[in-house]
Every structure is written in structure tokens, then in C-alpha cells.
Amino acid sequence: MKEKSKYLKPEYIENRELSWLQFNKRILAEAKDRNILPFERIKFLSITASNLDEFFMIRVASLMDMVHAGYTKTDIAGMTPKEQLDAILPEAKEFMADQYKTLNRSLLPLLDKCGLHIVRHHEDLTEKQASYVDGYFRKNIYPVLTPMAVDQSRPFPLIQNKSLNIGALIQDKKNEDVVDVATVQVPGVLPRIIEIPSQDENITTVILLEEVIERNLDKLFLNYTILSAHPYRVMRNADLTIDEDDAADLLKEIEKQIKKRQWGEVIRLEVANTMDKRLQKKLMEQLNVDENYLYKIKGPLDLTFLMKTYGLEGFDEYKLPKFVPQPVPGMDRERGIFEQIREHDILLHHPYYEFTPVVDFISQAANDPNVLAIKQTLYRVSGNSPIVASLARAAENGKQVTVLVELKARFDEENNIGWAKMLEKAGCHVIYGLVGLKTHSKIALVVRREEEGIRRYVHLGTGNYNDVTAKLYTDMGLLTCDDEIGEDATAVFNMLSGYSEPPAWNKLMVAPIWLKDRFLMLIDREADNARKGKEARIVAKMNSLCDPVIIEALYRASAAGVKIDLIIRGICCLKTGIPDVSENIRVRSIVGNFLEHSRIFYFYNDGFEDVYMGSADWMPRNLDKRVEITFPVEDEKLKRDVIGILKLQLADTLKAHIMLSNSREYAKQDLRGLEKLAAQDEFCRLAMEKAYAAENDGNITHVFEPATSENMR
């Protein structure tokens, strides 16, 4: 206990929520970066808005629930839920102010220069534009709207989560002493961006849907005078609380909870900063919101509309060319995928190389008469998933198909319920995992009858079986027919479908059973080597790090002399540069055009290097509360390739944000004396170079040096 207290003092740990806000600031920094193309910058600003919405709906909501329940236990950083809220809310308000400063002072004027003018206020329309907008309203918007006045006989309506609305003070024309409140929801089924006639043929002019509605509000309340009208938006508690022990039917219980999500407690009320004080007060009263959760916005509410703006045609010169994933080196689509896997393991690196082999793996298995069974986990899949279609086809072809559909995948619950029902109708065995545990692992098993007997083929990955996000997220995958991994894969599915844990595992490291212990052993082994005077090195890439036991082990290893590099996209509760604790640890976060999502773990092991990849971050929820799989990369060539990926990310000087010593703050790399290099751009270049060489029978190869403590620096 003494050693634990030494390394886990509250001042040595960053609060996870404040660390997350720093992550969103790093994304906002990309929106501010003048070296980035204008439309790419508005995309990053849109991402910050979407991220912040989810942060409030889940993390802030969870803290509010704890405060309401009188929960006072401190987190690993020594903060109670109330102290966390007191720290988060002012910082969130400051962050939102920074978002709109970036939009109003920088990005909107920049868009004007690019030939895209967004009309900020409907009062600014020319006569011709106003006539067009009013006609558009009559034909396309008016029939969809539902005006709702609030008076003694009509209560204030339930306002849906994340919905954009127009609030108004209305005065009865017959009795001017009567002033009521009215509200109109801005329909999400209509385009929020409306193109209107422009004064200059070289400029595209657009107006937002809410401005058009606000302009024509008098047509909805004919017996009233509109005294004032302003947009507002509510964010509600969207964290699902499900007691699985009491849920007789998990699918039905989640369907019920999803509906409740629309009406949870209001945790953020956004209003236009010009809103009439009387209207603001009435909205706060009706929605039961105090000043702490009121956000006055100087600009359009809900900046996620900028992603739609990014998609407007005619502005390609202000966007990066869309990268097309390249063919996987050495793979031949004309040959059967199982034949190629038998020859050697296949490493996949998305989105630089195609996701096609994963789709083909399931598709060919569905049609192959020698395939007897397919088993797969599904966490998040695309809306028109070719993998799901193949699984259904396989069942219809008479194969044994078992699919674990994770119903508790946050914000994908409804989508996954639909897939589960469809797969069951097709004849698949659909299971929902283990009580109390999310199944987050990414694994597919194909059992095939061959001349030598039954052979098992396995795909293991760091990302979801989603052909859409595979073009947007960086992830790794492995296709193998290794006997021991195949045996472990069978054990995983037996465990998930209700059998039991096997007496021993061969190669797969599975949470919550023994993955955490294995990671601790690997970290401690490096520390032991360092104490013996041997070279010791750890490089770990993940989305988040906040598990206190892992942090303690890393601090111990650093104090022993292990050189540790962490590549962490989001939350990092560990602090660098603490004397005698974390002086040997460096943390970097890469924010680029693709979302960094892969998890890779490297341990020098006295020269016998170990490389693992998997689905788990170093978080308590991943290591203790989810079914996760981490797998070894054993083929020497593939191992060198994965090490090369880590090396390139450690060499990134343009997109890497470096954690400052003993601080939650990050800063971009000082470029003096360094080569300008963006790892994601380099991966794209290498992928295209290899594809070109393959097409032209070239022989371009790239050899990565061994990952010693020297050349991994």
C-alpha cells in the first residue's frame, strides 16, 4: 500500500473529464490552424461541437446524477462529483466561447473569401433574396411545422433532446395585456442549409433553416404579434441506466430506455445571446435550468451544421483531396482469401489500405460450400452493412451463424436492435453477450472443412466491422489461421454464448479475465530489466489512459528507468515530468484528418520484442467491465511493419501535440531543427507508392529499423 500511495497521489493524476476537455481543445486548435485548408478547418470545428454534445449527455449527466444522489466519493485525482462539475462547467463555457470566436472572427470571413456566404441574420437579406426565402418557406417549410403556444390551457411541450427550436414572446392582438410564450421545433427532416439567390454569380449564398422560420414566424401565429423570437436548444441526460439482472428481455428494456433518452433532465440550455430576457427567464423556468447550465451563444446554435457545409459542392480547392484506400500489398482479389491466409498471416492497416479483405472474408465464407460455421461480434456497423448482409446470406445457405450484437453500444443501440432482429429472421443465432459486460472485442471466426480436416480462420481487429468508418478511422487488423489463435477464438465464442471459460488460453489476452494482469506483467518485466541495467522500452498507442493500476505500474517503470512513449488520442490521466515518478514518460496526441483509433502495444523485452494489438484502451471500463481481446503479432515481417507504424507516429512533428511536464496542457512540436512530417500523410503516401509499384511490377520496399530505445526516440 505504501508504494501505491507514493505513485497515486491525487496531484500526480489528472481528472479524466478535464483531460477530455483538453482533447477537444486540441481538435479546436486544428480549426484555428491557418496552415489547414478552410473547409477542413470548419470540419474540425463541427467535430468539436459533436464531441461536446456527447460529453454533456454522458459525462456531465453522470456527474449530475451522482450529485443528486449525494455521492461524495472522490475520483483518482481527489475530486468529488460536485468539485468536478464546478471545474468542468466554467471551462466548458470558456471553450464554447472560443468555438464561436473562431467561427465569427476567423472562419466565416474566410468562407466569404472562398466564395461561400452564410447569411447570419434574415434581416440582412436583399429584397430579391427575401422574396425567394418567403416563397421557399410557404412551399417547403410551413407544411411541416407545428406551432405551439403556451398559455393557461396549453402547457409547455416536452422539448426533445438535441432539438433546435425557436422560442417567441407573442402578444394577443385583441388583448395586448396578454403576453404568452410560443415555441416551434426546427424540423430535423428538412435541410438546415438552404441555398438562395446571390448578388454575385461567383458567390454561393446560403441561409440557415432557423433564420427562415424566425423570419416567417408571424404566419404561424396569425392572431398574435411577435414581440421577439430567438433560437434555443436543449441537451438532456442521455446516459442509459439498465439493471440487467432485472431486465427479463434486454432488447425490450433497451428499446424502452432509448425512448426515455429524449426526455431526460436538461443539462444544457443554449440560447442566442440576443434573446429577450423575459423569454430567457420563462424558458429557464419551464425547463428547470439554472444559470450554471445556461449557455449564451453568439452565432448559430449547434455547429454540427458545419459538417453539412463541408459537403457542399463546388469548393474542392478548399478541401483535401479525398483519400482512396489502396489495395492491401500482396493480396490478390482474384484468388480465394482462405488460400492466401493459409500462406501467411495478413496485416491490415485502415484506412490507408482497403477494408475489402474483411468484407471478402465474411462474404466468401457465406458462399463457400466448405465453410461450416461463422461466428462474429458486432459493436457498431454501417447503415447498409455488407458484412451483416453476408451473415444473413450465410444462414440462408444453411451454415451455422452465431452473431453477438452488442445492444449497449452507446448511441448505436437502436441501429443494433434493428440488425439483431433482421439477423434472427435470417436464421442466425443472435446473442447479446454477458450480463453486466459490454462486448467490445472485434473478432470473426470461420470454421472450414478442408482435406487436412477442420481449419479455423480468424480476423482480429482494433476497430469495428464498419465499412464506412474504416475509411475515416485508423485501425489495425490481422487475418490468420494459426491453430492456437483459432482454438482461443472458439473459446471466446463459447464463453460469450453461455458455456464457460476454458482452463487455459493460448495466445489471446481476454478482458476482464486476465488482460489487465498480463499488461501489468509486461510493464513490470520492463521495469525489472531496467533495474538490472538492461535496455527497457515501452511504446503504447491507444485512445485513452485512465486506469489507476496501469498508471501506477507505468510510474514505477519510469522510476526504474524504462523509457516510455505513449501515443494517446484522447483522455490521459497520467502526468509527465514529475521528478522521480514520470521523468521517463512522454505523451503525445495525434489529431489529423483521420481519427486515431488503433491500439498497439510494444515491449522491448530485452531484445525479444513483443507487439500486441487489440480493442482495449487502458481504462477501467475496458479492462474490468468489457469483453476485450488483445492479440500478439508474431510474424517477424508483420511485427517490423507494426513497429514501423509506431516509429512513424513518434516522428510526427506537424500533427502531434506533446503533453507539457506535470500539466494537462499540450503544445505542438517545436519544429526548429526537425523535419516537417505528418504521420497520416506519410502513411497515405506510402500506401499509394506501394500500390503504384504493384501495378507497375515495381519493387519498392520499405525497411523499418529495429525498435530500440535509441531509434524509437
Fill in the blank from the handout: Expected single match for farther than 20 Å from LEU648 by Cβ, crowded, with 17+ Cβ neighbours inside 10 Å and in contact with a strand residue (DSSP E or B) (Cβ under 6 Å, 6 or more places away or on another chain) among LEU496, LEU566 is LEU496
Problem - The lone exception for THR74 - which of (1) surrounded by fewer than 14 Cβ atoms within 10 Å (Cβ to Cβ); (2) in the same structural domain as ILE27 (by TED's automatic domain parsing); (3) part of a helix (DSSP H, G or I); (4) in contact (Cβ under 8 Å) with a residue 60 or more places away in the chain it fails - result: (3)
Handout entry: Residue within segment 364-379 that is surrounded by fewer than 18 Cβ atoms within 10 Å (Cβ to Cβ), in contact with an Asp or Glu (Cβ under 9 Å, 6 or more places away or on another chain), in contact (Cβ under 8 Å) with a residue 12 or more places away in the chain and not assigned by TED's automatic domain parsing to the domain that holds VAL60 present
Key = yes
Practice task
Would you check if there is a residue in segment 354-365 being at pLDDT 95 or above, farther than 27 Å from ASN494 by Cβ and of a type outside the set (Asp, Glu)?
Solution key: yes
Exercise for the section: Within segment 311-325, identify whether any single residue is crowded, with 20+ Cβ neighbours inside 10 Å and at pLDDT 95 or above, and answer yes or no. Expected result: no
Exercise for the section: Those residues that are outside any helix (DSSP H, G or I) and surrounded by 21 or more Cβ atoms within 10 Å (Cβ to Cβ), I need them from segment 80-100; list them, please. Expected result: none
Problem - All positions within segment 633-647 that are buried (at least 21 other Cβ atoms within 10 Å of the Cβ) and either closer than 20 Å to ILE485 by Cβ or touching a Pro at 6+ places or on another chain (Cβ under 6 Å) (or both) - result: VAL633, VAL642
Exercise for the section: Please indicate, with yes or no, whether at least one residue in segment 279-301 is at pLDDT 95 or above, assigned to a loop (DSSP other than H, G, I, E, B) and either β-branched (Val, Ile, Thr) or within 23 Å of the chain's Cα centre (by Cα) (or both). Expected result: yes
Exercise for the section: Kindly provide the set of residues from segment 158-182 that are buried (at least 17 other Cβ atoms within 10 Å of the Cβ), under 33 Å from the mean Cα position of the chain (by Cα) and closer than 19 Å to LYS281 by Cα, ordered by number. Expected result: ILE159, LEU164, ASN165, ILE166, GLY167
Handout entry: Subset of segment 583-632 that is within 17 Å of the chain's Cα centre (by Cα) and part of a strand (DSSP E or B) - its residue that is surrounded by the fewest Cβ atoms within 10 Å (Cβ to Cβ)
Key = LEU595
Handout entry: Of all residues making up segment 113-165, the number that are without any contact (Cβ under 8 Å) to a residue 24 or more places away in the chain and under 19 Å from LEU303 (Cα atoms)
Key = 0
Handout entry: Count of segment 193-206 residues which are closer than 20 Å to TYR232 by Cα and surrounded by fewer than 19 Cβ atoms within 10 Å (Cβ to Cβ)
Key = 1
Practice task
Hand me the list of strands (runs of 3 or more DSSP E) wholly inside segment 419-502 holding 1 or more residues that are assigned by TED's automatic domain parsing to the domain that holds TYR352 and either modelled with pLDDT of 95 or more or under 20 Å from the mean Cα position of the chain (by Cα) (or both).
Solution key: 443-450, 453-461, 473-480
Exercise for the section: For ARG393, indicate whether it is assigned to a helix (DSSP H, G or I) and of a type outside the set (S, T, N, Q). Expected result: yes
Handout entry: Subset tally (residues that are out of contact with any Pro (no Cβ under 8 Å at 6 or more places or on another chain) and among the aliphatic types (A, V, I, L, M)) for segment 119-149
Key = 5
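The values are calculated or read from the model by the stated rules, or taken from the named source; none is laboratory data. All values reported here derive from a predicted model rather than from experimental measurement. Neighbour counts are summed over all protein chains in view; Cβ atoms, including those assigned to glycine, are modelled from backbone coordinates with ideal geometry.
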